[in-house]
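First comes the structure, then the notes that go with it.
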Amino acid sequence: MNLTILGCYAATPRTFTNPTSQVLEIRNRLFLIDCGEGTQVQLRKNKIRFSKINHIFISHLHGDHFFGLVGLVSTFALLNRTTDLHIYGPKGIKEIINLQLRLSNSWTNYGLFFHELESKESEIVFEDEKVIVSTIPLKHRVYTNGFLFQEKIRDRKLDLNAVQNYEIEKCYYQNIKNGKDIVLEDGRVVENAKLTFDPVPPMRFAFCSDTTYDESVIPIINEVDVLYHEATFLESEEALALKTMHSTAKQAALIALKSNAKQLVLGHYSTRYENIELFREQAETIFPNVLLADDGKSFEF
């Protein structure tokens with residue numbers, strides 16, 4: 001699982017920082033999460049192929065999380081894209097993007113599908129044979145969701161020595177990896193556990209931005225491998241975090257601690273701070289495994 005941070009700062013873009021956008025690669029799927037202004041430039045800088053992005057998830061309709069979307073949609077058309085593009089976001093996102101495309105007479109030459117969200121309960125919004133994506137309802141000034149990306153359990157691993165010892169033909173290998181027992185020619189049944197190893201445990205990644213401190217997300221994200229959680233403010237601005245419905249670094253760490261997350265990644269920093277290391281320092285007083293997101297930074301998990 002690989003996470004590439006395209007932008008992770010709050011509010012307005014600057015010459016050296018970008019608003020929220022990131023790319024998650026999991027089981028050979030590439031998912032774009034949020035699409036702040038300048039996202040397509042950041043995609044190019046980080047050498048991420050546009051053609052591999054088929055699913056875009058938008059957390060909420062504040063500009064620093066989706067103002068880059070119509071530009072990216074338009075660029076896909078200019079690049080003669082033919083593959084369908086699916087966009088998941090709050091109700092209203094279809095109206096906004098279609099209005100921009102209509103008034104500029106810039107309709108796409110590929111299938112553009114909107115999956116509008118309005119439920120305040122967690123729901124599955126995407127599923128294929130390898131990955132499931134669910135919403136994480138968040139508390140912000142407008143309707144907002146985070147997203148939980150979960151690998152499905154992989155096939156079991158063949159114990160080639162055991163398989164060869166029983167002289168099992170290759171045509172049965174896939175059934176074995178699927179967990180089935182094997183009946184030999186002499187009638188003996190070989191249990192699957194004698195022929196395979198347990199698969200690699202499935203990975204889970206949770207994206208939580210923007211939100212006030214909210215413990216109701218804990219059952220949804222419990223024991224995630226990686227939690228990306230907004231940390232707009234330091235503790236000195238806790239009152240401002242409450243007023244604007246954002247979180248502090250310590251509050252993000254507390255969510256990570258209470259949800260038994262293995263790793264916490266902080267982001268969505270207010271641009272009022274000159275040194276983002278302060279966010280790590282404050283978070284680590286609560287939770288030990290803290291990483292700092294930064295534009296252009298990639299993490300391999």
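The values are calculated or read from the model by the stated rules, or taken from the named source; none is laboratory data. Predicted model, so just to flag it, every value in this text is computed and none were measured. No Cβ is skipped: glycine too gets one built from the backbone with ideal geometry, and neighbour counts run over all protein chains shown. Just the protein is used for accessible areas: all its heavy atoms, side chains included, with ligands, DNA and RNA removed. Shrake-Rupley method; radii C 1.70, N 1.55, O 1.52, S 1.80 Å.
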Exercise. Mind checking which lysines have their Cα closer than 17 Å to the Cα of Lys139? Skip sequence neighbours fewer than 8 apart in that chain.
Key: Lys91, Lys120, Lys243
Quiz item: What nm value, rounded to one decimal, do you get for the distance between Tyr110 and Leu278 when each label is placed 7 Å out toward the C-beta?
Solution: 4.2
Quiz prompt | Local electrostatic count, Glu123, Cβ distance below 14 Å [Lys/Arg +1, Asp/Glu -1] | solution = -2
Quiz item: When N counts the residues of the chain, how does its alpha-carbon radius of gyration compare numerically with 2.2 N^0.38 Å, as a ratio?
Solution: 1.14
Practice problem: Choose one answer from Tyr173, Tyr273, Tyr88: the residue with the largest mean-square fluctuation in a GNM of the chain with alpha-carbon springs under 10 Å. | Solution: Tyr173
Quiz item: Rounded to the nearest 0.05, what FRET efficiency do Asn46 and Ala193 have when you use their Cβ-Cβ distance and R0 = 41 Å?
Solution: 0.45
Quiz item: Looking at the square roots a ≥ b ≥ c of the eigenvalues of the Cα gyration tensor of region 149-260, which shape do they give, rounded for a/c under 1.5, prolate if a/b is larger than b/c, or oblate?
Solution: prolate
Exercise. Average the reciprocal distances over every distinct pair of alpha-carbons in region 79-155, invert the result, and give the Kirkwood radius in Å.
Key: 14.5
Quiz item: Round to a whole number: what % of the accessible area of the chain belongs to carbon and sulfur, probe 1.4 Å?
Solution: 49
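Past the 19 angstrom mark, what percentage of all C-alpha to C-alpha distances in region 94-207 do you count?
Values: 4242 of 6441 pairs.
Result for the distance tail: 66 percent.
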Practice problem: Specify the residue with the greatest mean-square fluctuation among Ser122, Ser104, Ser270, computed from a Gaussian network of the chain linking alpha-carbon atoms under 10 Å apart. | Solution: Ser104
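In square angstrom, what is the accessible area per residue of the chain with a 1.4 angstrom probe? Could the numbers behind the result be given before it?
Numbers: 14480 Å² over 301 residues.
Spelled out: the 1.4 Å probe surface of the chain, per residue, equals 48 Å².
So, R0 is 22 Å and r is the distance between the beta-carbons of Arg141 and His86; what FRET efficiency does that work out to, to 0.05?
Details: r = 26 Å, r/R0 = 1.20.
Taking R0 as 22 Å, the efficiency between Arg141 and His86 is 0.25.
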Quiz item: What is the local net charge at Ser216, summed over the other residues whose Cβ is closer than 14 Å to its Cβ (Lys, Arg +1; Asp, Glu -1)?
Solution: 0
Quiz item: Of all GluC sites (Glu not before Pro) in region 203-250, which ones are in loop regions per DSSP and have a Cβ with at most 11 other Cβ atoms within 10 Å?
Solution: Glu223
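Tell me which chymotrypsin sites (Phe, Trp or Tyr not before Pro) from region 2-75 have a DSSP coil assignment and no more than 14 other beta carbons within 10 Å of their own. Let's see the in-between values first.
Details: sites: Tyr9, Phe16, Phe31, Phe50, Phe57, Phe66, Phe67; in loops: Phe16, Phe67.
Qualifying residues, ordered by number: Phe16.
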Quiz item: If you build a Gaussian network model of the chain, linking Cα atoms that sit under 10 Å apart, which residue out of Asn105, Asn260, Asn54 swings the most?
Solution: Asn105
Practice problem: May I ask what percent, to the nearest 5, of DSSP beta bridges between residues of the chain are antiparallel? | Solution: 55
Quiz item: So how do 294-300, 145-151 stack up, highest first, on mean other-Cβ count within 10 Å?
Solution: 145-151, 294-300
